[in-house]
1. What helices does chain D hold that run 15 Å or longer along their axis, going by alpha-carbon atoms, with a Kyte-Doolittle average of -1.0 or more, using DSSP H for the helix calls?
2. Please label the shape of chain C as rounded, prolate or oblate, based on the square roots a ≥ b ≥ c of the eigenvalues of the alpha-carbon gyration tensor (a/c under 1.5 means rounded; beyond that, a/b larger than b/c means prolate, else oblate).
3. Run down the lysines and flag those whose C-alpha is under 18 Å from the C-alpha of C:Lys155, throwing out any fewer than 8 positions away in its chain.
4. Rank A:Glu99, D:Glu145, A:Glu50 by accessible area, highest first, at a 1.4 Å probe radius?
5. Taking the Cα atoms only, what angle lies between the long axis of helix A:68-77 and the longest principal axis of chain A, rounded to 10 degrees?
6. Enumerate the calculated ³J(HN,Hα) couplings along region D:155-161 in order (Karplus 6.51 cos²θ - 1.76 cosθ + 1.60, θ = phi - 60°), each rounded to whole Hz, writing x wherever the residue is Gly or Pro.
7. Any idea of the total accessible area buried by the C-D contact, 1.4 Å probe, rounded to 100 Å²?
8. Under 18 Å from the 7 Å Cα→Cβ point of B:Asn142, by amide nitrogen: which residues of region B:201-239?
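The values are calculated or read from the model by the stated rules, or taken from the named source; none is laboratory data. Since the structure is predicted, the reported quantities are computational estimates derived from the model, not experimental observations. FYI the Cβ positions are ideal-geometry reconstructions off the backbone, even for glycines, and counts take in every protein chain you see. Remember, those area values only see protein heavy atoms, side chains included, never the ligands or the DNA or RNA. Shrake-Rupley method; radii C 1.70, N 1.55, O 1.52, S 1.80 Å.
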Amino acid sequence: MSEEKKPAAAPAAKPAKAAAPPDPRVVAATALADEIRASIEARHGAGAVEETGAAKTIPMIRIAPDKWRDVVTFLRDSEDHRYDYVELMAGTDYKDYIELVIYLYSMKRDAYITVKTRTPRDAASLPSLTPVFPGVNWEEREVYDLLGVHFEGHPDLRRIMMWDEWKGYPLRKDYSDFDNIPTRGGEPR
Amino acid sequence: MFSWQTQPLTGLNFIGMVIGAVVVLAILLLVVMYLIFFLRKVVAWMQNRIGPNRVGPWGLFQSMADVLKLLLKEDIVPAKADRALFLVAPIIAFVPAFTVLAVIPYTAGHIFTAGLNIGVLFYIALSSITILGIVLGGWASNNKYSLVGGLRSAAQMISYEIPLGMSVLGVVMLAGSLNLTTIVQQQATDRFGWYIIPQIIGFVVFMIAAVAELNQTPFDLPEAESELVAGYFTEYTGFRFAFYMLTEFVYLFAISALATTLFLGGWLGPWLPSWLWFAIKTSAVIFFMFWLRATMPRLRVDKLMGFAWKVLIPVALFNILLTGLLSLLV
Amino acid sequence: MFGILKGLGVTFGQLTKKKVTLQYPEVKPVWPERFRGIHEFIPELCIVCNQCARICPTSCISLSGSRDANKKMRIDTYDINFEICILCDLCVEVCPTEAIRMTDQFELAAYSREEFYKDMHWLYDNHKEHGTYHALQEAKEQAAKEQAAKEQAAKEAGAKEQAGREPVAASEAATGGET
Amino acid sequence: METLHSEEMILNIGPQHPSTHGVFRLVVTIDGEQIVAADPVVGYLHRGTEKLAESLQYTQIIPYTDRLDYVAAMLNNYALVHTVEYAMDLEIPERAEYLRVIVMELNRVASHLLFVGAYLLDLGAMSPFLYVFQEREMIVQLFNEICGARLTYNYMRVGGVKWDAPPGWLAKVRDFLPHMREKLKMYDALISGNEIFLSRVRGMGVITQEEAVAYSLSGINLRSTGLRFDLRKKRPYGIYDKFAFDVVVGQNGDCFDRYWCHFLEMEQSLNIVEQALESIPDGPVLGKVPKLIRIPAGEYYTSIEGARGELGVYIVSDGKDKPYRMKLRRPSFVNLQILSKLLIGQNMANMIAILGAVDIVLGEVDA
């Protein structure tokens, strides 16, 4: 029951959807994602999950941004999930919105899901996951630095790769190299 | 036997003494220069490298080139440093290093030896002054690495002076004299032979304390390059840096010479001339220190202090007790 | 204590081992055949297909060409900027005629940045000392000569009238081998 | 017990400092020799690989991955091509897979050797550093023969490897294995028993299992705590399920365990290379790959067990020949986060011992 409709500019999060026989791996992953969705919605209400699907072979769940931290905490703590290890955190600028994705792994159950959320590009802001997973501290700082997503509740939100005077967010698609022309005495060098 | 002390101080004698001192100084500078070369070669060989081989045949003039380079370098004094202390600190460190060499009996003739009756005491007392130079240098640089290095050095050297002094006591008790020349002469006739045999515990303690005194690996914390860059002489350049370097190597030579004198029978030995015996034994001790340097990682600072106070000093005390008992019974 | 002694034994054992230092400026390292050093460029082989410039990840290659009298593309300029070249070998991989390839030249230190812009002539000259192209050509010429000599011997044995050496055959064989 | 407090001092270590393994800056607040707070500052080597990749074809990105973890570039190569292959569902020729495994495991050995040497250098012993470079040199020469470069290999291609092994190369690798095992014994004798070394690393910088998981540590930093988590076993990629090897785990999660795991893992890697050499088949080394590599639209993430931990590549594709977004999951970057926690309360001499054991490569931290 995954939603096939996506904004036109964004690459589809579901591959192989047009293929005549759907990939059994994708079907299984989507089914698993739906199961998890039901479990989340039972706890956090119907609006918590916005979309389910599969990223290639991995179940994908998209969560409403305001429920982001709660749902991830639930996934970590709930006995049937126990997704306690963050493998990857990545942000992507899709021109209309910014998507944040984490890949969660369960040490106990040896299972693997991807959880995402979206935030508008201007005044991009999301609840921080650092209180839940201390290991995403720097990853969030990197997303803040390069994509300009503000993480609320992050203990130490500073630029990490670029220096503090840097203008703009390099990984955004509309970023221009000319914003940071080195100057000498007010004149471009 | 010829001794400067038993002669009246005539003008001729005075000139002789001055010439003697200068000759010893010159020889020692040469020795120290080649000590550095020796160190680099030994460590290189142990690490499957060739070592210095560019300047002169087999790289023999490498140290000379290094010294020349250091002398020609700009003498930089950091703007925020305590200028007067910064300038004088290397000299304070360096002068006692050369002075202690006056009491070492190099040969059976020992015409260039002061022959002080308190030779051992003189050595230990003077070598403590160097710490002052190191702490001052570290403090005056106004650099955090230097400060930490200087203070570590002070703590380390003061702690290890105690076991060093105590380990020598055993020898002094056996020889019944503080005069280094007498100590060597006693070893020729002692019933145990050289003092390394009855004083083996003392020797081990002495060697460990000596390595620590010299800030050599594994006790090279004051200049631990992975933590403190270069420790107390981080900010020093040119010949002031060379002074610290020289101090270190002169002490290396001096303490090896002292170990030879106290435990290994000094110049004693059959067939070969006495100065050669002395040189061989000293070189062996020096080689051992370089060997350690090529093998060991560095101790940690708190373990280092603990080791001095909890292990070395009790062992040294026990050694004194044992020596006393031994000389009573045997 | 025992561990320390064991360690001391290991370092002492190394004293007499063979030393591994390479006396670099006097003894040059011998590079394997595939070594990726600075390029050599053979202008007569280039067909100006632009593939190398397109595949280059750092865009350090710039080239231009024009059609000659025979309507064949000829290279006019070919520059590699070694300030940014990362010697990744992709240009060599895509080149259909092997006009550009890697040599075992690795010494690129220079006193000014301008010297890192290597043009066609420099790259061509580079093949003389370091490239494989020259050696390849020589081997081919040698083979061609031997072939010619063999043929000639056969001919001489067969019929005496065949006279004169055949440099034409040799060069033909060489150019034939290039494509 | 009351402790004496003196004035706190801020010590700025790096970005140029002999033991920070690159341009890494650590701002520590010290009270005497005790560390009160530590703030790692990274980014001095940031080259924007992820941004650059957005304007490069997949083949062109491969040389860039060489520059990430520059002491284990083969593994980086593989991480990228593996994700692309996974996304395209490509078949890889058998021989190419074997060659990949051989070079990757050799590279892991080379990388771990460098860790052992550099770690001992941090602790003040110079000789091991120079010894390990001799063996590393041999491996690097082997790579030089197979791909023509000593550090930035650019060897893997989407669908296989660039070159087959040159004649005699596999025999050389086979000869190298017993030599390496011999040398490992020598290093063991030189280092592992040394009481000074042990006193510096035992019980130092202990990471618990819970911490390791919460901080997303991976690689040896995670395994040293006793968790049997090795992606080569957990999610076998390539042909790793064909080889018998053990996952090395520590017990206490201290610096010694991390050092020791590196040591044992080298032996396991040698075992894998040996098995791979025994069963390597003949055949092509580059599969059928379209000339212009295009990934179907979608997002893909795969990770491999890099030399320093889980090395992952996340690609968002819009169906073109260039990635829409590429994100690299760099293990050093993630692992380094725990440093400021580990350092608090330690004294300065331990700082270097702990930093060294976390095993970072700044090229990877800063991407």
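1. Helices meeting the span and hydropathy rule in chain D are D:73-88, D:94-122, D:127-147, D:169-187, D:255-279, D:348-358.
2. The shape class here is oblate.
3. Once the sequence-local lysines are set aside, what remains near C:Lys155 is C:Lys145.
4. A:Glu50, D:Glu145, A:Glu99
5. Tilt of helix A:68-77: around 50 degrees.
6. In residue order, the calculated couplings are 9, 7, 10, 5, x, x, 10 Hz.
7. 2300
8. Only B:232-237 pass the distance filter.
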